[in-house]
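Visitor: Here it is: the structure, laid out below.
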Amino acid sequence: MSHLLQVKNLSFSRNSKSLFADLNFAVNQQDRIGLVGHNGCGKSSLLQLLADQEEPDDGRIQKHRGLKWSFVEQFLPGKIAEETLLNAVVRRLPKVCQASEQYRAETLLSGLGFGPDQFHMPLAKLSGGQQNLALLARALITDPELLLMDEPGNHMDNQAMEMFKSYLKQTRSFALLMIAHDRDLLDSCTTKTWFIRDRRLYEFASAYSNAKQALAMQDAQSQKRRSDEEKEISRIRASAKRLAVWGKVHDNEDFSRKAKSMDRRADRLEAEKTFVSMGSGLQLSVDADRLNSKSMITLEGVSVDLPNGRNLVNCDYLMIRPGERVALLGKNGLGKSTTLRQLLSEYHEPGNSGIRFNPQARLFYYDQELSQLDQPLGRFDWLRQRVDNEDREVKQVLIQSGVRYRDFTQQVNTLSGGEKARMMFILMQLRRPNLAILDEPTNHIDLEGREQLEQQLVASGMTLLVTSHDRAFIEKVANRWLWIERRELQEIYDLDTFYHSLQPMPESNEVRPKQLSQPELIDSEGSLLERIEELEKLVREDKARKPKFQKPEKQRLWCEELESLWQQLEAM
């Protein structure tokens, strides 16, 4: 099999910290490789070395002569933010063929789910997930043989992620090396998994979930061999010690010589002991005080609007009970984060919005932007300003979470996204809330950290309201699902209901009322009567509410739809 890229004895350090040493591996044609490891282990640095953005301390990176490769950035470069989507992709082609091959860019963008109406939108106006897909298109238009991607799904909404996975599964024209923290993405789109750990590379010829099991089995076998070796070394040293004593007591040189020989044998075995992984050294822990009460949060007649007055979400009635773990679902731009921020605002400054918190609720808010950490404060000082715990307890929790004492003074605004996320969870552990609102808590956490977080959140007994684009995280953590659909907050009882709603073609974030005036949408008398009955009930129930909770605009739309349906029925 032909190597596209081969690495020999590669070593690299950053800020005097050795990330990996003597790595040897190859990327072959058609390889689909997922690169995983804990935050700070060197995954991004390795990709930057392969993309010629960094120089190794030692070793060689050999690329096949004439290799065409592309690197997909994690964030939208500022210099292209104002370019239109189509131009940003076309400009990656040689200038002489940009005009004649524009159709290729249009075909590619259509395949990634963009509509013609989006081709001339500035990249800055697209959603985060659409920007990720645009960056992928800029890489693919060059027809690469090898695609390098650093967390391409980190900011994708569910719809963009489904499109991304679909494209990768259908397209096999290039090899792929991808850093990702999304288990479903890795399992569905990769066939090999590389773990970076202990400054080494562990290679497995399977997707993430199977590879993780194989790694765990390998660790268990290594631990058993190491234990057996240490027992043998202890036995040999004990025997050597007895022979040395007998040699002195009996003045026997043979005993003394054998004792020295056995000590040398023990030294060789000590040097050749089976390596056992130290793991990441990082631990996530979440503790919570539980609340015995009927309700934690109650919403009644709540409307969530943008500052410009545009309505995003409406909720007639909802009660979240203590200990419930609720996932808030919906496409990007439909109001998930805005709803969470309105809840947070109402918690701090209660008003007449229809949102009520249990008086004993102690809320912790996790901001997906991690904006609280944009300060030039050391880790310890940042925590100390935000908790009432004694200094001793703050230091103890930092150390238990894998932060070395010498790193207590490292400024939090210089930390990586994963390290910042862990600082937020350390803060949550110290505050011990009984209610947490978590907005995309998995965005920056490595796979090991996500699995730890899942276990801790479920075991804590805390009431949760969470958004996440990681389906595996939602499935393992949440025991209740709320879906923002057509501006309504509604409960669903099967996650597939939401995921099946994600259409292959992205739609505009503008939410439009469902129009049923077109004859082809309802083509039977039974369906018409069923819809008419449903709409009449909605109008009746809304008019029965107190005036301040009524929705005149919705009543108008329902009545218009009713008139259209009656006309359809009469024409049948």
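The values are calculated or read from the model by the stated rules, or taken from the named source; none is laboratory data. What you see is a predicted model, and the numbers here were worked out from it, not measured in a lab. As a convention, Cβ positions derive from the backbone with ideal geometry for all residues, glycine included, and neighbour counts pool all protein chains shown. When the accessible area is computed, the model is the full protein with side chains, heavy atoms only, and any ligands, DNA or RNA have been set aside. Shrake-Rupley method; radii C 1.70, N 1.55, O 1.52, S 1.80 Å.
Visitor: List the lysines whose Cα sits under 24 Å from the Cα of K231, skipping any in the same chain fewer than 8 residues away.
Guide: K241, K258, K260, K273
Visitor: Same structure again: Rounded to the nearest 20 debye, what is the charge dipole size of segment 158-275 about its Cα centre when +1 sits on each Lys and Arg Cβ and -1 on each Asp and Glu Cβ?
Guide: 320 debye
Visitor: Next question, about the same structure. Can you give the charge dipole size of the chain about its Cα centre, rounded to the nearest 20 debye, using +1 on the beta carbon of Lys and Arg and -1 on the beta carbon of Asp and Glu?
Guide: Numbers: 80 positive and 83 negative charges, 501 e Å.
About 2400 debye.
Visitor: Where does the charge balance sit around E73 when Lys and Arg score +1, Asp and Glu -1, over other residues with C-beta under 12 Å from its C-beta? Spell out each step's value before the answer.
Guide: On the way: positive: K79, R138; negative: D150, E151.
The answer is 0.
Visitor: Only bridges whose two residues both fall in segment 67-192 count here: according to DSSP, what percent of them are antiparallel, nearest 5?
Guide: Counting only bridges with both partners in segment 67-192, antiparallel ones make up about 10 percent.
Visitor: Shifting gears a bit: Normalized C-alpha radius of gyration of the chain, against 2.2 N^0.38 Å? Can you show the working numbers first?
Guide: Numbers: Rg = 29.5 Å, N = 572, 2.2 N^0.38 = 24.6 Å.
Working it through for the chain, the quotient is 1.20.
Visitor: Taking a threshold of 19 Å on the Cα-Cα distance, which of the pairs K8/K43; K165/K336; K212/K331; K43/K125 fall above it? It would help to have the intermediate numbers written out before the result.
Guide: On the way: K8/K43 17 Å; K165/K336 23 Å; K212/K331 31 Å; K43/K125 30 Å.
Listed pairs above 19 Å: K165/K336; K212/K331; K43/K125.
Visitor: Quick one: which of 191-200, 52-61, 465-474 comes out on top by average Cβ neighbours within 10 Å, and what's the full order, highest first?
Guide: The peptides rank, most packed first, as 465-474, 191-200, 52-61.
Visitor: So how tilted is helix 253-271 from the main axis of the chain? Cα-based, degrees 0 to 90, rounded to 10.
Guide: Roughly 20 degrees, rounded to the nearest 10.
Visitor: Can you tell me which aspartates and glutamates have their Cα less than 13 Å from the Cα of K420? Leave out same-chain residues fewer than eight positions away.
Guide: Partners within reach: D367, E369, D374, D446.
Visitor: Could you sort R310, R356 by accessible area so the largest value comes first, with the probe set to 1.4 Å?
Guide: Largest accessible area first, the residues go R356, R310.
Visitor: Using a ≥ b ≥ c from the Cα gyration tensor of segment 1-156 (square roots of the eigenvalues), is it rounded, prolate or oblate, where a/c under 1.5 gives rounded and otherwise the larger of a/b and b/c decides, a/b for prolate?
Guide: Prolate, since a/c reaches 1.5 and a/b exceeds b/c.
Visitor: What is the antiparallel percent of DSSP beta bridges lying wholly in the chain, to the nearest 5?
Guide: Bridges in the chain that DSSP calls antiparallel: roughly 50 percent.
Visitor: Now for a different question. Going by Cα centres, segment 379-404 and segment 207-237 are how many Å apart?
Guide: Result: 34 Å between the Cα centres.
Visitor: Need one value: the accessible area of W558 in square angstrom, 1.4 angstrom probe, rounded to the nearest 10.
Guide: 40 Å²
Visitor: For the chain, what's the relative contact order in percent, using C-alpha pairs closer than 8 Å and at least 6 residues apart? Let's see the in-between values first.
Guide: On the way: 935 pairs, mean separation 80.1, N = 572.
Worked out over the chain, it gives 14 percent.
Visitor: Next question, about the same structure. Please list, ordered by chain and number, the residues whose modelled amide H lies under 5 Å from the amide H of R197; skip anything fewer than 5 residues away on the same chain.
Guide: Y202
Visitor: Along segment 463-478, what does the Karplus equation 6.51 cos²θ - 1.76 cosθ + 1.60 (θ = phi - 60°) give for ³J(HN,Hα), rounded to whole Hz, x for Gly and Pro?
Guide: The phi angles translate into 7, 10, 10, 9, 10, 6, 8, 8, 4, 4, 5, 4, 5, 8, 9, 7 Hz.
Visitor: Under 5 Å between amide H atoms, partner at least 5 residues away or on a different chain: which partners does L5 have, H built in plane at 1.01 Å?
Guide: Under 5 Å from the amide H of L5 lie the amide H atoms of V27, H64, each far enough along the sequence or on another chain.
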